[in-house]
Amino acid sequence: AELNASYQRGMQNLIKPVLVETGPVQEAGSPDLRALPIITPSANTTAPYIGGGIVVVRDPVSGSRNLSYNRLMLRGPNRFTFHPAPGLHLHQIWQNAVARREELPVAIILGYHPAFALGTLAKVPFGVDEYTCAGGLLQQPVPLVRCRTIPLEVPANAEIVIEGRVLLDVLEEEGPYDEFTGYAMPAEKKPVIQATAITHRREPLFQDVMGGGAEHLLMGSIPKAASLEARLCQQHPCVRAVRLPLSGCGRLHAVVSVAASSSAETQKLIGDLF
């Protein structure tokens, strides 16, 4: 109960990031992606993947910044394919760049505070900067530094940042990769990120997330459960708590605790849920 309440408090008190001149994430650099310990995570996958990278982009139409998790398939010393899932904000921003015939600058953050990760996963409308959500959960502004080769900002205290651009009209094979259900979809043609720089701490920690594992499921379930609980409690006073258990992959079913109430209230709740 306290986890959901804490998350909701953070989302009610968003804090804007602050720009700083320098930070540990730019203490050193690497020549190419092969300097990073990127692994092939399972027997289902056919190439090394980064599963815990937080992708930063800016919408070329509105100018709003967006952060999201996205899997990244290594295609060469300075090249990834990635999967911008239709219906999500990153896909919309990428499509806006394509429509304008522009390459899309992108930064990939590796190594961060757990509250920063959960802020990135916040269920917020398009245009809300997830750096403000992370600030709300951290209860302090996220310090940002400007990237070296692209017009974006990244956390000054991150472990590693990969800078790059989404190439225009270039699609290459991506997949298979373990989804949150544990099943892998076939390979498809997806857009390509060309890396332009890698910056990191002098002795960086490489943090990753394995697709379909318990960590993956828990990270996704916490923001969803908190936001669902907030909405249900606002509309139905009988609701006490909401959980998205691992038995439903942290997404596919919910357990809702309700106080003793009239049958009419219960029926209204059931009707709204289904």
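The values are calculated or read from the model by the stated rules, or taken from the named source; none is laboratory data. Predicted, not measured: the structure shown is a model, and the values here were computed from it. Using ideal geometry, Cβ is built from the backbone for each residue, glycine included, and neighbour counts are taken over all protein chains shown. Side chains are part of the model used for accessible areas, which takes the heavy atoms of the whole protein and leaves out ligands, DNA and RNA. Shrake-Rupley method; radii C 1.70, N 1.55, O 1.52, S 1.80 Å.
Projected label points at LEU252 and THR46, each 7 Å from Cα along the beta carbon direction, are separated by 2.6 nanometres. Compactness of segment 37-159, taken as the C-alpha radius of gyration over 2.2 N^0.38 Å, stands at 1.07. Treating the angle as unsigned and between 0 and 90°, give the value, to the nearest 10°, between the Cα long axis of helix 263-273 and the longest Cα principal axis of the chain. The two axes meet at around 20 degrees.
The packing ranking of peptides 85-97, 124-136, 19-31, highest mean first, is 124-136, 85-97, 19-31, where packing means the average number of other beta carbon atoms within 10 angstrom of each residue. Residues in segment 87-184 average 41 Å² of solvent-accessible surface per residue, probe 1.4 Å, ligands and nucleic acids excluded. If you model segment 126-274 as an ellipsoid using its alpha carbon gyration tensor, with each semi-axis the square root of five times an eigenvalue, the axes come out at 38, 22, 15 Å, biggest first.
How would you classify segment 143-224 from its alpha-carbon gyration tensor, with a ≥ b ≥ c the square roots of the eigenvalues: rounded for a/c under 1.5, else prolate if a/b is greater than b/c, otherwise oblate? Intermediate values should be presented prior to the final figure.
Values: a/c = 2.28, a/b = 1.22, b/c = 1.86.
Here segment 143-224 falls in the oblate category.
Across segment 153-167, rounded Karplus estimates of 3J(HN,Hα) from the backbone phi angles (6.51 cos²θ - 1.76 cosθ + 1.60, θ = phi - 60°) give 10, 9, x, 5, 9, 5, 7, 9, 9, 9, 9, x, 9, 7, 5 Hz, Gly and Pro being marked x.
Helix 89-99 and the longest principal axis of the Cα set of the chain meet at an angle near 50°. The ARG240 and MET185 beta-carbon pair, evaluated with R₀ = 41 Å, returns a calculated FRET efficiency of approximately 0.65.
Within straight-line reach of LYS123, meaning a Cα separation under 23 Å, sit the following lysines at least 8 residues removed in sequence or on another chain: LYS16, LYS224.
Amide hydrogen proximity for THR196: with H placed 1.01 Å from N in the peptide plane, the residues at 5 or more positions away or on another chain lying under 5 Å are GLU163, GLY164, ARG165.
When only Cα pairs below 8 angstrom with a gap of at least 6 residues are kept, segment 1-78 shows a relative contact order of 23 percent. Excluding same-chain neighbours fewer than eight residues apart, the aspartates and glutamates reachable from LYS190 by a Cα-Cα span under 17 Å are GLU102, GLU103, ASP169, GLU172, GLU173, GLU174, ASP178, GLU179.
Between ARG101 and GLU21, 0.36 nm times their residue separation minus their Cα-Cα distance comes to what?
Working: separation 80, 0.36 × 80 = 28.80 nm, distance 3.20 nm.
Full extension from ARG101 to GLU21 adds 25.6 nm.
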